[in-house]
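These notes concern the structure reproduced below.
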Amino acid sequence: MLDGSVTAIIAPHAGLMYSGAVAAHAYAVATAIPFELVVLVGPSHYVGFDGVALDDHGAFETPLGPLRLESVCAADLASSAVVEVNRAAHQREHSLELQFPFLKHLLPDAPIVPLVMGFQTAATIAALADALVDSLAERRALLVASTDLAHYVDAERAEALAAPVLGAVRSLDPAAWGAELERYPEADRGRFVACGGGPAVAVMDAARRLGATDGVVLRYGDSGDVSGDKDSVVAYLAAAFGRFSRTVAR
């Protein structure tokens, strides 16, 4: 459990039967605060583009009912140099879609701003963090970064690859996670670090600058925990950033 205020969480986006139990640990800590809005940032799996894409649809369907767009913050972010309206980038994208049922169930009245990051360059990551800080400084917002960790390696290697990422989370050090991404060519970062590493680093940086002082790993797991296949797994992380007086990491 966490005592204190949550500014941001990290949750995975694989099929719910595989990653849902891990994601639930992230969302469970975000229910005590009546957030004005939720800003989600995930990676683009299907469309390559520079910058960050905003979907400005008025509502987003979930199995539990629609989530509505927070149009004021959306417009504010879209006025930044790094964010632009690009519905096509969201059309097939699942990295945010997998977060929607949790939000509708646990924060049903909170409107959302959905953002998808294209090429995860250091410049885009930094610019998005700046835009989030500028837009959310006077708002009671929850930031959500959507990412899975290592892909299609054995469970032991996945855990070893995750170790520096988990260390960066615990020390609330976005630069350390960013440096881990930079150790690999961009095409390999999703397999060996995180497919949504750029969104996670931007959210961590913004959370720290918005007042978060602590990072905690809430749960680490992999697809083999469900399938039983530990020879080729996808790894998952649930984490939170905020001001905490007591933490329990698992």
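The values are calculated or read from the model by the stated rules, or taken from the named source; none is laboratory data. Model, not experiment: these values are computed from the prediction. Don't worry about glycine lacking a Cβ; one is built from the backbone with ideal geometry, like all the others, and counts go over all protein chains shown.
Hey, any hits in the range 94-103 for a residue that's closer than 16 Å to Gly198 by Cβ and among the aliphatic types (A, V, I, L, M)?
Yes, because at least one residue in the range 94-103 is closer than 16 Å to Gly198 by Cβ and among the aliphatic types (A, V, I, L, M).
Take Arg219 and tell me if it is outside any helix (DSSP H, G or I), under 17 Å from Ala11 (Cα atoms) and charged (D, E, K, R).
Judged against the criteria, Arg219 is a match.
Only one of these is outside any helix (DSSP H, G or I) and surrounded by 22 or more Cβ atoms within 10 Å (Cβ to Cβ): Leu132, Leu142. Name it.
Among Leu132, Leu142, only Leu142 is outside any helix (DSSP H, G or I) and surrounded by 22 or more Cβ atoms within 10 Å (Cβ to Cβ).
Scan the range 46-76 residue by residue and report those that are at pLDDT below 95 and hydroxyl-bearing (Ser, Thr, Tyr).
Across the range 46-76, the qualifying residues are Tyr46, Thr62.
Confirm whether Ala163 is over 17 Å from the mean Cα position of the chain (by Cα), farther than 27 Å from Asp50 by Cβ, crowded, with 24+ Cβ neighbours inside 10 Å and small (Gly, Ala, Ser).
On the way: over 17 Å from the mean Cα position of the chain (by Cα): yes; farther than 27 Å from Asp50 by Cβ: yes; crowded, with 24+ Cβ neighbours inside 10 Å: no; small (Gly, Ala, Ser): yes.
In short, no.
What are the residues in the range 192-216 that are of a type in the set (A, V, I, L, M), farther than 17 Å from Pro12 by Cα and part of a helix (DSSP H, G or I), if any?
Ala206, Ala207
Please tell me if Leu181 is assigned to a helix (DSSP H, G or I), surrounded by 19 or more Cβ atoms within 10 Å (Cβ to Cβ) and more than 17 Å from the chain's Cα centre (by Cα).
For Leu181, the condition - assigned to a helix (DSSP H, G or I), surrounded by 19 or more Cβ atoms within 10 Å (Cβ to Cβ) and more than 17 Å from the chain's Cα centre (by Cα) - is not met.
Please indicate, with yes or no, whether at least one residue in the range 94-106 is part of a helix (DSSP H, G or I), of a type in the set (A, V, I, L, M) and crowded, with 22+ Cβ neighbours inside 10 Å.
yes
Could you identify the single residue in Gly197, Gly190, Gly178 that is out of contact with any Ser or Thr (no Cβ under 6 Å at 6 or more places or on another chain), within 22 Å of Phe102 (Cα to Cα) and not polar (S, T, N, Q)?
Gly197
From the list Leu40, Leu16, Leu64, Leu69, pick out the single residue that is on the phi < 0 side of the Ramachandran plot and crowded, with 23+ Cβ neighbours inside 10 Å.
Leu40
Have a look at Ala53, Ala30 and point out the one that is part of a loop (DSSP other than H, G, I, E, B), surrounded by 14 or more Cβ atoms within 10 Å (Cβ to Cβ) and touching a residue at least 60 places away in the same chain (Cβ under 8 Å).
That would be Ala30, the only listed residue that is part of a loop (DSSP other than H, G, I, E, B), surrounded by 14 or more Cβ atoms within 10 Å (Cβ to Cβ) and touching a residue at least 60 places away in the same chain (Cβ under 8 Å).
Quick one: would you say Ser80 is in contact (Cβ under 8 Å) with a residue 24 or more places away in the chain and in a loop (DSSP other than H, G, I, E, B)?
When the stated conditions are applied, Ser80 passes them.
Conditions tested, residue by residue: (1) in contact with a strand residue (DSSP E or B) (Cβ under 6 Å, 6 or more places away or on another chain); (2) farther than 18 Å from Leu16 by Cα; (3) free of Cβ contacts under 8 Å to residues at least 12 places away in the same chain; (4) in a loop (DSSP other than H, G, I, E, B).
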residue	(1), (2), (3), (4)
Ala176	no, yes, no, no
Arg189	no, yes, no, no
Tyr236	yes, no, no, no
Phe244	yes, yes, no, no
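Do you know which of the residues in the range 5-20 that are touching a helix residue (DSSP H, G or I) at 6+ places or on another chain (Cβ under 8 Å) and part of a helix (DSSP H, G or I) is farthest from Ala145 (Cα to Cα)?
It comes out as Met17.
Here are some conditions: (1) touching a helix residue (DSSP H, G or I) at 6+ places or on another chain (Cβ under 7 Å); (2) closer than 23 Å to Pro63 by Cα; (3) crowded, with 24+ Cβ neighbours inside 10 Å; (4) not basic (Lys, Arg). Ala150 meets all but one. Which one does it not meet?
The single condition Ala150 does not satisfy is (2).
Would you check if Arg191 is among the basic types (Lys, Arg) and touching a His at 6+ places or on another chain (Cβ under 9 Å)?
Details: among the basic types (Lys, Arg): yes; touching a His at 6+ places or on another chain (Cβ under 9 Å): yes.
Criteria met by Arg191.
Say whether the condition of being surrounded by 21 or more Cβ atoms within 10 Å (Cβ to Cβ), over 24 Å from Val133 (Cα atoms) and not aromatic (Phe, Trp, Tyr) is met by at least one residue in the range 78-86.
no
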